[in-house]
Amino acid sequence: MEKRYIILIADRNPNVRKLLKRELENEGYLIRMAKNSREVLYWSYHHEFANILILDPDLPGFEEFPEIQKLKNRIPALPIIVHALQADYSKIFYDSNLLFFVKKSRDSIKYLKQVIADILYESIKSV
C-alpha cells in the first residue's frame with residue numbers, strides 16, 4: 001500500500017485553507033488544517049504530525065522565531081513551506097535546508113505543489 005503523506009496547512013484565512021486543502025487532496029495528500037499557532041502546536045504534540053507544514057507567518061499568535069523553534073525542537077526534520085504575501089518573510093526566518101518560501105499569488109498553487117513534490121522526492125531519496 002502506498003504511503004499517504006500528511007500536510008498541515010496553517011493559515012489565518014479560511015478561504016486559503018479551503019483552497020489549499022481541495023487542491024492538495026486532489027493530489028492524494030491527507031490534509032490537516034490550523035487557524036492559529038495553538039492549533040499547529042496541538043497537532044505537533046497530540047497527533048501523528050505532518051510530513052510538511054505550509055505556514056502563513058501572519059497566523060494569529062505566531063511569533064516567527066519562538067514558534068518555529070518549538071516546532072523544530074519537537075520535529076527536527078520537519079520541512080516548513082512559508083506561504084506568505086510578502087517576499088520579506090523569506091529573510092526573517094533562520095537559515096535551514098528544511099525551510100522553503102512560496103510567495104502567495106493567484107498562480108502560486110502550481111509552484112506550491114511542485115515544491116511539495118520536490119521535498120517528498122528528496123525525503124524518499126535520502127532514505
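None of the figures in this text is laboratory data; all of them are computed from the coordinates on show. It should be emphasised that the depicted structure is a prediction, and the values quoted were computed from it without experimental measurement. Positions of Cβ are backbone-derived with ideal geometry, glycine not excepted, and every protein chain shown enters the neighbour counts.
Here are a few things to note about the model shown:
- Near Met33, the amide H atoms lying under 5 Å from its own belong to Ile9; only residues 5 or more places off or on other chains count, and H is placed 1.01 Å from N.
- Above-threshold pairs, the threshold being 23 Å between Cα atoms, out of Lys18/Lys103; Lys18/Lys125; Lys35/Lys113; Lys70/Lys104: Lys18/Lys125; Lys70/Lys104
- Nitroxide proxy distance, nm - points 7 Å out along Cα→Cβ at Tyr111 and Asn26: 1.9
- Peptides ranked, highest mean first, by Cβ atoms within 10 Å: ranges 3-10, 50-57: 50-57, 3-10
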